[in-house]
1. When residues of region 115-159 are filtered for being in contact with a Lys or Arg (Cβ under 8 Å, 6 or more places away or on another chain) and touching a residue at least 40 places away in the same chain (Cβ under 8 Å), how many remain?
2. Please give the number of the condition LEU25 fails out of (1) surrounded by fewer than 19 Cβ atoms within 10 Å (Cβ to Cβ); (2) farther than 25 Å from ALA201 by Cα.
3. What about ILE26, is it within 20 Å of the chain's Cα centre (by Cα), of a type in the set (A, V, I, L, M, F, W, C) and not in a loop (DSSP other than H, G, I, E, B)?
4. Would you confirm whether any residue within region 267-276 is part of a loop (DSSP other than H, G, I, E, B), in contact with a strand residue (DSSP E or B) (Cβ under 6 Å, 6 or more places away or on another chain) and surrounded by 14 or more Cβ atoms within 10 Å (Cβ to Cβ)?
5. Those residues that are out of contact with any Phe, Trp or Tyr (no Cβ under 9 Å at 6 or more places or on another chain), among the aliphatic types (A, V, I, L, M) and in contact (Cβ under 8 Å) with a residue 40 or more places away in the chain, I need them from region 11-43; list them, please.
6. Restricting the search to region 211-245, which residues are without any contact (Cβ under 8 Å) to a residue 12 or more places away in the chain and of a type in the set (S, T, N, Q)?
7. Suppose we filter region 20-67 for residues that are aliphatic (A, V, I, L, M) and touching a Cys at 6+ places or on another chain (Cβ under 7 Å); how many remain?
8. Could you say whether any residue in region 235-252 is within 21 Å of the chain's Cα centre (by Cα), within 23 Å of ILE175 (Cβ to Cβ) and assigned to a loop (DSSP other than H, G, I, E, B)?
Amino acid sequence: MRQPSYLSLYREGKLQERIERALALISPACRLCPRNCKVDRLAGKTGICRTGDKAYVASYAPHFGEEAPLVGTYGSGTIFFSSCNLLCSFCQNYEISHHLVGKALEPAELAAVMISLKKMHCHNINFVTPTHVVPQILQALIPAIELGLDAPLVYNCGGYESVETLELLEGIVDIYMPDFKFWDNVWAERFCHVSDYREQAKKALKEMHRQVGDLQLDETGLAVRGLLVRHLVMPENIAGSREVMNFLSREISPHTYVNVMGQYRPCGLAHRDDRINRRITAVELAEAVKAAFHAGLYRLDEY
């Protein structure tokens with residue numbers, strides 16, 4: 001059985017230094033993500049993500065609806081963090097991402113959550129929407145390791161990431177699972193109020209792949225390390241599926257494992273915009289899958 005890479009960093013005494021560097025990214029001026037809110041989160045100030053010095057956890061449990069390489073027999077150990085740095089208007093977890101629900105946890109409490117999932121035999125610890133709480137996750141990792149954590153860590157994010165932050169996670173995160181939401185920034189601006197989504201996502205995915213490479217599976221089909229990309233197909237090709245697939249194949253790797261997601265439905269505030277106030281059609285999903293194959297990608301998942 002492959003040992004998660006973060007155990008080596010722990011044994012070498014290097015995790016504390018990563019924590020200190022991560023905390024420096026949120027105080028005195030937060031630049032943890034490309035929003036660059038520049039607020040002092042350790043002093044109780046909050047920016048777009050409305051999160052200060054503690055991570056809010058909305059829920060945690062074994063999840064059997066994730067990609068097959070993560071689920072296995074006992075499920076993926078998902079920890080859903082409240083709030084988000086992207087705040088898509090159509091988010092399917094709108095109540096969690098747009099509100100601070102759940103409980104603010106101390107590092108020891110978050111460590112206990114990880115251990116609880118380990119005791120349920122989850123195959124991995126899956127941090128859902130972790131971008132804005134990277135320092136808090138790192139703070140909890142040391143006590144979790146000391147309590148016996150040895151499962152792969154999954155960084156399940158929206159793709160709007162800072163390379164500087166991702167560099168702190170090298171040797172810690174085993175599996176990166178980012179979205180690539182939009183190719184055309186017009187739509188990113190309209191639905192997420194960011195004007196540089198494509199540029200930031202491209203840089204982020206390149207850094208993730210540099211760290212962990214293509215998705216690797218063990219003899220049972222479980223993911224142990226690598227990059228797994230999600231792409232949500234949207235009405236009227238708003239997501240830019242063809243361009244995204246070409247980028248993944250040509251600039252990341254033709255061996256990239258891609259989940260072409262066909263479950264879009266109007267959630268959150270989507271009903272306010274006629275362009276996205278409907279489910280996608282079977283034809284729209286088929287066109288996105290065709291675009292992936294045409295780009296040379298072959299490791300495809302669909303749900």
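The values are calculated or read from the model by the stated rules, or taken from the named source; none is laboratory data. Note that the coordinates shown come from a computational prediction; the quantities given were computed from them, not determined experimentally. Every residue, glycine as well, gets a Cβ built from its backbone with ideal geometry; the counts of neighbours run over all protein chains shown.
1. The qualifying residues number 8.
2. Exception for LEU25: condition (2).
3. Spelling it out, it is not the case that ILE26 is within 20 Å of the chain's Cα centre (by Cα), of a type in the set (A, V, I, L, M, F, W, C) and not in a loop (DSSP other than H, G, I, E, B).
4. No, because not a single residue in region 267-276 is part of a loop (DSSP other than H, G, I, E, B), in contact with a strand residue (DSSP E or B) (Cβ under 6 Å, 6 or more places away or on another chain) and surrounded by 14 or more Cβ atoms within 10 Å (Cβ to Cβ).
5. Taking region 11-43 and keeping what is out of contact with any Phe, Trp or Tyr (no Cβ under 9 Å at 6 or more places or on another chain), we get 11-14, 16-32, 36-43.
Filter again for among the aliphatic types (A, V, I, L, M), leaving 19, 22-26, 29, 32, 39, 42-43.
Correct list: ILE19, ALA22, LEU23, LEU25, ILE26, LEU32.
6. Passing the criteria: only GLN216.
7. At the first step, the residues of region 20-67 found to be aliphatic (A, V, I, L, M) are 22-26, 29, 32, 39, 42-43, 48, 55, 57-58, 61.
Checking which are touching a Cys at 6+ places or on another chain (Cβ under 7 Å) leaves us with 39, 48.
The total comes to 2.
8. yes
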